[in-house]
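Inspection log for the structure reproduced underneath, given as C-alpha cells.
Just so it is clear, none of the values below were taken in a lab; they were calculated from the coordinates. Owing to the predicted nature of the structure, the values given are computational and were not obtained by experimental measurement. Every residue, glycine among them, receives a Cβ derived from its backbone with ideal geometry; neighbour counts consider all protein chains shown.
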Amino acid sequence: MINSYTKEYLLELYNTQNIMLEGNILKIIKKKIKEEGDNDLEFNQYIEDCINTDRDKRKMRLEITKEVQKQNKELQLAKEEIERINEELTISLLDTEKAKELAENDLSILQQKTQFELVTIIVKMALAVIISVAVITTIMYVVAIIFNRETQIVGSTWSNLFGILLTNSFSIIGTIMGFKHLNKNEKTESAEK
C-alpha cells in the first residue's frame, strides 16, 4: 500500500517540519498495516503518534466547538433579553407619552377652571361694589330730596357715579368676553395639535 519512498518522505516531513498526517486516512493506513503485517517499527510508531495527535486535536476542536456553541447560545439569550427589554422600554415610553398628554390636558383643564373661578370671583366683587355704590348714592340722593337739601351736588355726583359704574361694567364685560375668546382659541389650537 505505502511504498518505502512515501514512508521515508512522511517521516522526514515529521522530523524536519513537524507535519503529520491527519483525519480518516490514518484509520485506513493502520488497517492496511495490520492486514499486510508491516513490521516497520518507526513508521508504525509514526502512525500511532499521528492517530493520538489527531485524536487530541479533534477533542480540542470539539471542546472549542462546544465552547463556541455555548457562547452563541448565551449571545442568543442575551440578544433575546435585549430585544425584550427594548420592547418593554418602547411600551413604557409610549405609556409615558400618553400619561404626559393626559397630565397636560388635566393641567390645562385645571388652569381654565381656576381662571374661570377667578373671573367669577372678580365679576361678583365688581358687581357688589357697583351695586353698593349705586345703592348708597341713590339713598343719599333720595335723603337729600326728602329733606329739601341741596340736591344739585348730590344729583351731579349721582349722575357721574352711574356713568362711571356703567363704563366700568362694560369694561368688566369686555374683559370677560376677551378671556372667553382667548380660551376658545387655545382650545382650538390644542385640538389641532
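Values as computed for the structure displayed
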{"item": "The chain - Rg and Dmax from Cα coordinates, angstrom", "result": "52.9, 160"}
{"item": "Mean residue ellipticity (222 nm) of the chain, computed from DSSP H runs ≥ 4 via -39,500 (n - 2.57), nearest 500", "result": "-33500 deg cm²/dmol"}
{"item": "Distance from the range 1-67 to the range 89-159 (C-alpha centre basis), Å", "result": "106 Å"}
{"item": "0 to 90° range, to nearest 10: angle between helix 25-36 axis and the chain longest Cα axis", "result": "20 degrees"}
{"item": "Largest-first ellipsoid semi-axes for the range 4-80, taking √(5λ) over the Cα gyration tensor eigenvalues, angstrom", "result": "38, 14, 8"}
{"item": "Footprinting exposure proxy for VAL68, VAL119, VAL142 (fewest neighbouring C-beta atoms within 10 Å first)", "result": "VAL68, VAL142, VAL119"}
{"item": "Crossing angle, helix 4-17 versus the chain [Cα axis fit, 0-90 degrees, rounded to tens]", "result": "50 degrees"}
{"item": "Cα-centre dipole for the chain with unit charges at Cβ (Lys and Arg positive, Asp and Glu negative), debye to 20", "result": "1120 debye"}
{"item": "Residues with amide H under 5 Å from that of GLU22, placed H, sequence gap 5 or more", "result": "none"}
{"item": "Chymotrypsin sites (Phe, Trp or Tyr not before Pro) within the range 67-168, DSSP loop, no more than 12 other Cβ atoms inside 10 Å", "result": "PHE147"}
{"item": "Karplus-derived 3J(HN,Hα), 6.51/-1.76/1.60, for each residue of the range 77-90, Hz, glycine and proline x", "result": "5, 5, 4, 4, 5, 5, 4, 5, 5, 4, 5, 5, 5, 5"}
{"item": "Of ALA144, ALA126, ALA103, the one that fluctuates the most in a GNM where the chain has Cα springs shorter than 10 Å", "result": "ALA144"}
